[in-house]
Structure formats: structure tokens, C-alpha cells
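See structure below.
The values are calculated or read from the model by the stated rules, or taken from the named source; none is laboratory data. As the structure is a computational prediction, the values presented were derived from the model and not from experiment. As a convention, Cβ positions derive from the backbone with ideal geometry for all residues, glycine included, and neighbour counts pool all protein chains shown.
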Amino acid sequence: MGSIKFYFILSLILSMSFVKGFDGIPKESTYCATWASSQYLTENNNLPPVPLSNNSIRQIVHVTISSPTIRLKFSNRVGDSNLELKAVTLANSVSQGSGEIDPLTLTHLKFSGKDCVVIPPYTEVYSDPFYYPLKVQSEVAISIYFGEVPQKLTSHAGSRTFSFFEQGNKVDEVKFSHENKVAHWYVITAIEVSHSFPRKTVVCFGDSITDGRGTTDDKQNRWSDVLSKKLYLNDGTINVGVVNEGIGATFVRGEAQERFDRDVLSVKGATYIIVLYGVNDILFTGSTSEQIIEAYKKIIRKAHRNNRFIYGATILPFGKNDNWSEEKEKVRGEVNNWIRTAREDKGGFDFYFDFDEVIKDPNDEKIMYYLYDCGDGLHPSPEGYARMVDAIDNLKLFTLIPNFDEQKYLGELEVVNKVGVKYSLGFDINKDEEVYIRVKGKCEGSFGFRIVINNVEGKRTSDYYYTGKLDNGDFEYSLFLKAEETSNYITIRRPISTINIDKITLTLIEVKTESGTKFLDPEEGVILE
């Protein structure tokens, strides 16, 4: 018995060592999200029932894959002042909706070796990686004791899972009171696992139907939850995680474009993306099918450029919703027809799942079957969400290895007599981090340009790189820049203050950080006049 225990411990040590660098810290490339949630500004009606400052909150989340080493991510993305976490613990949840933990699993998180951390405005932080016997398809409790809290609070209102509050520092308590509880998450954004062999994650991207409106609080029965269990029970996909990046009341032509980089491409291990988006555009903005399809094409191109598979899902019937009309039904039909028929080489999705087909009423395709309707004619019931996942029947799609030619999906941008172009990264470059940047393009007699890393206020926060006068024809420059402050975009600017960029066509922009490589689409730059 002693030898068995010895070999178990030895194998555990070896499995952890494979993912660590020489300093004992797991490499960025080995991390993969087991749970994640999109963050946004807390509206007044979704504020905590008690002030967070100097009080504690316990939040419950559902994890989908395990690992011997994990870390947590916390967000102050919309905060305009510091967010202070005085103490944070992680433990197994005893039962759904109880707020009670298993004390034998209680673990205190560290931040650069300390118990507390201050998160500056508009930034996010990771805990130090730590060993934790995370159980697959289980719930864990994240307990936080807050210090200073900004007035603008970062959260995810549609948690569908209750959070519990206590006065003072109670992160070690086994039970939390139910006196003040709400179905919202605050400042928690991801749990990531690191392992000796690669893990992959599916990102479910959409609006309130993906976010889970119509599901049962504390029961984890969103369609993404049902999918995660289905993948876990299949031998070939047992190590594929699923995260939900849905936000209610959002639009594929609006917020989806802005947050795709941040909430999808920046998810660790994200390899497969399922897009269920567009119904709000049809119902509430009067968007045409052409406009919605063009929005799809933009995010498909981004996914391929960054070497991800992207699968579409047909828009569900909404014939019993108060906002239905014949014209809107026509748009839904046109969009769904494009999702079903457009090939990848024509700008379409790599594959599609026909949610519409499995959830519609067999006697009236404009409405959901009554058992699948939560009651508003728009959002499914728990039975409806489970039925949607029946359409995801080809699980081999989640074993494929992406190998897209990123240059095939790059556009180009001509800059003539302009101050410069700004590119949002969708993620943070940390202070003192060294960044590799590569720019390719064509030139017709320009005086060159500067490449600058900028922070959120728009001030220069790096030593800039100046190309000098460019020769006519194709050019390619690569360089390393060091960020002097936490930054989230780069600019390609005029060479000197009195001379604008003149006649440059940008064709490729590559940014490589500690977190990985990202290809920016030249066409998506914001022109600076």
C-alpha cells in the first residue's frame, strides 16, 4: 500500500513539473479555461444588496475540466478606482444553492505571494497558480473579503446562480447566510487549469439565450452546461472544457463585434467557438439579413485569422413573442438559410448546429414547441435548452486541430496623410512586459511611421519604434517593445509631429505577448485624423 501511495505522489509531482518553467511557474500556453464569464458595468438594479467594501461574498461556479494546477482571474475592467481584495478562498460547494462549503477543501489564494491584492482601474489580475484537486462537473465556491471598492462595479448580472453575503471577513466560514443573496456574480471572470497535456475549450458566444434566461437558478441547465456534460461523457472529448460568454440584451452587429476579442479570443485554450447571435438584431433594431450576415462574416474572419474553429447556430423561432412580425420572420429565415448553406471558403461558418430545427413546433415552424418555451415565446425552457444540444450530434468537431492560414483572412488598410491608426488588442499587456510586434505592408514614398504601445488613457507607454524613410514597395518590420504601464492597444503613428503618414498600405500586424500570438486585421484600425 505504501508503494502505491509513493508512486501516486511521484506521478502527481511529475505531471505538475511538465507544465512548469524553470522557475516552477506553469507556462501560459498550458492554461485552459474551465469556467469563465463576460464582465460588464453593474447597472443600478443589479447592485449588491449590501455594500461590498469591508464585507464578504461567496459565489458559486460550475467547472467543466480539471487539472492539478489552477489559477483564478479577477476583474476591475470597468472600475474607475482601485478594487481591493483583502482575502480570497476557494472550496468545494457542498450542495447546489446552499452557500455551504467543504472545510477540508478550503484554500487561501495568493497574489505575488501575498494574501491581498489591489486591482487598478480598467485592469484584471490573476492569482498565483496553486494545487487544487478540482473535480470535473462540480461546483466550487469563491469567497472574497473586500477592502476598497470602486463606484463603477464590474460584474455579470446573469449568473443564474445565487451569491451570498456576510458582514466582515467571513471567507473561512463553512456556511453563509441566505438573508442577503442575489443571482449575480461580481468581479470573478475565469478559472483556468494547467496540465501536462493540452486541453481545449469551447466558447459559447451569444445573447440572453446563451446566458441562460429561462433556466432554473442554481441548477446549471443552460445549453452550455448541457453541452459540457455531453462532451464529458464522450471518451474523445472528456478533456474539452466549455465556457459561457453570453450577455443578455446584446446584438451581433453591436456588442458582439466589440467584445469578441476580449470575451472569446482571449479565453485561454479557446479552440472552438459556437455562435448563437442575431435574434435581438432582428426583433429590436430592424436589421436586414444582409447586415446580420456581414456581422457574422467579420467574427468568422477574426476566428480564422487567430486559428480557431467557429460553428454557427440557427436562430430559434420567436413567433409567440410580442415583437414578432412577418417581415422579421422573413429575415430570420434568410439568416438561417445562409448559416445552413454558406461554405467556409465563402465566408461562412466551419459547421452549423440546427437549433431551430430541433426546437420548433412540428405544426408551426414560426414558434417553439410548447414544452421548449419558457413562456415568453423567445427564450427556451430547461427542456428546450437540453433539446438544443441534441442538435450538436457530431462531437468529432471538438477533436479537430485548427490549422488556418492567417494571412488568407487578413485585410488591408491604406493610410494617406493621416496621423495614424489605433488597434485595440482586446486584452492587457502587463506593465514591464516585453512585446513582439511585426508589421507588413506596401509603401509609395512614405517618411515611415512609429509603432507605440498605448494605455487606456491614450498616452504613450513604451519606447516607440521608428521605421525611418521607407523604400517604395513591400516592407516588413519586426521589433520588441516594453510596456511601461498596463496597456491595451497599439498605434501606428506619424513619424514626426509635423509630418503625417503618407501612402502606406498595411497588410499584416502580428502582436506576440506572454499570453500568445494575435493577428490584428488592418481594416479594423481606428484612423486618427
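Values computed for the structure shown
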| quantity | calculated |
| --- | --- |
| Strands (runs of 3 or more DSSP E) (entirely within the range 300-390) containing at least 3 residues that are in contact (Cβ under 8 Å) with a residue 12 or more places away in the chain and under 16 Å from Leu227 (Cβ atoms) | 309-313, 351-353 |
| Residue in the range 175-187 that is small (Gly, Ala, Ser), more than 25 Å from Asp354 (Cβ to Cβ) and in the same structural domain as Ile119 (by TED's automatic domain parsing) present | yes |
| Residue in the range 392-400 that is touching a residue at least 40 places away in the same chain (Cβ under 8 Å), loosely packed, with under 15 Cβ neighbours inside 10 Å, in contact with a helix residue (DSSP H, G or I) (Cβ under 7 Å, 6 or more places away or on another chain) and not in a helix (DSSP H, G or I) present | yes |
| Hey, Lys175 of a type in the set (Lys, Arg) and either touching a strand residue (DSSP E or B) at 6+ places or on another chain (Cβ under 7 Å) or within 29 Å of Gly312 (Cα to Cα) (or both) or not | no |
| Subset of the range 496-520 [surrounded by 20 or more Cβ atoms within 10 Å (Cβ to Cβ) and assigned to a loop (DSSP other than H, G, I, E, B)] | Asn500 |
| Complete set of residues in the range 182-223 that are of a type in the set (S, T, N, Q) and within 13 Å of Ile274 (Cβ to Cβ) | Thr201, Thr210 |
| Condition check for Lys512: of a type in the set (Lys, Arg), modelled with pLDDT of 85 or more and over 28 Å from Glu124 (Cα atoms) | no |
| Subset of the range 326-369 [closer than 19 Å to Lys298 by Cβ and of a type in the set (A, V, I, L, M, F, W, C)] | Val331, Val335, Trp338, Ile339, Ala342, Phe349, Phe351 |
| Long-range neighbours under 6 Å by Cβ, at least six apart or interchain, first residue under 20 Å from Leu265 (Cβ atoms) within the range 500-529, second of a type in the set (Ser, Thr, Tyr) | Lys512/Tyr436; Leu520/Tyr423; Gly525/Tyr423 |
| Selected residue (criterion: nearest to Phe353 (Cα to Cα)) from residues of the range 252-264 that are out of contact with any Phe, Trp or Tyr (no Cβ under 8 Å at 6 or more places or on another chain) and not polar (S, T, N, Q) | Arg253 |
| Residue identified as at pLDDT 95 or above and in contact with a strand residue (DSSP E or B) (Cβ under 9 Å, 6 or more places away or on another chain) among Tyr145, Tyr122 | Tyr145 |
| Checking Met368 against (1) surrounded by 17 or more Cβ atoms within 10 Å (Cβ to Cβ); (2) under 25 Å from the mean Cα position of the chain (by Cα), the condition it does not meet | (2) |
| Tabulated pairs, the range 149-174, first farther than 21 Å from Ala36 by Cβ, second among the hydrophobic types (A, V, I, L, M, F, W, C) and in a loop (DSSP other than H, G, I, E, B), C-beta under 6 angstrom, 6+ apart or interchain | Val149/Leu52; Lys152/Val78; Phe164/Phe176; Phe165/Val50; Glu166/Phe176 |
| Candidates Asn472, Asn417, Asn454 - the one that is crowded, with 16+ Cβ neighbours inside 10 Å, at pLDDT 80 or above and of a type in the set (S, T, N, Q) | Asn454 |
| Top-ranked residue in the range 420-433 [being at pLDDT 90 or above and not small (Gly, Ala, Ser); ranked as farthest from Pro121 (Cα to Cα)] | Val421 |
| Selected residue (criterion: surrounded by the fewest Cβ atoms within 10 Å (Cβ to Cβ)) from residues of the range 146-171 that are more than 25 Å from Ile209 (Cα to Cα) and among the polar types (S, T, N, Q) | Gln151 |
| Qualifying residue in the range 229-236 (condition: touching a strand residue (DSSP E or B) at 6+ places or on another chain (Cβ under 8 Å) and charged (D, E, K, R)) | no |
| Positions within the range 107-128 being of a type outside the set (Ser, Thr, Tyr), part of a loop (DSSP other than H, G, I, E, B) and within 20 Å of the chain's Cα centre (by Cα), in sequence order | Pro121 |
| Segments classed as helices (runs of 4 or more DSSP H), wholly inside the range 180-285, with at least 2 members that are at pLDDT below 95 | 255-260 |
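Residues are listed down the side, and each one gets a yes or a no for (1) closer than 30 Å to Glu514 by Cβ; (2) over 21 Å from the mean Cα position of the chain (by Cα); (3) not hydrophobic (A, V, I, L, M, F, W, C):
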site	(1), (2), (3)
Thr237	yes, no, yes
Gly246	yes, no, yes
Arg259	yes, no, yes
Ile274	yes, no, no
Thr288	no, yes, yes
Arg301	yes, no, yes
Asn306	yes, no, yes
Glu327	no, yes, yes
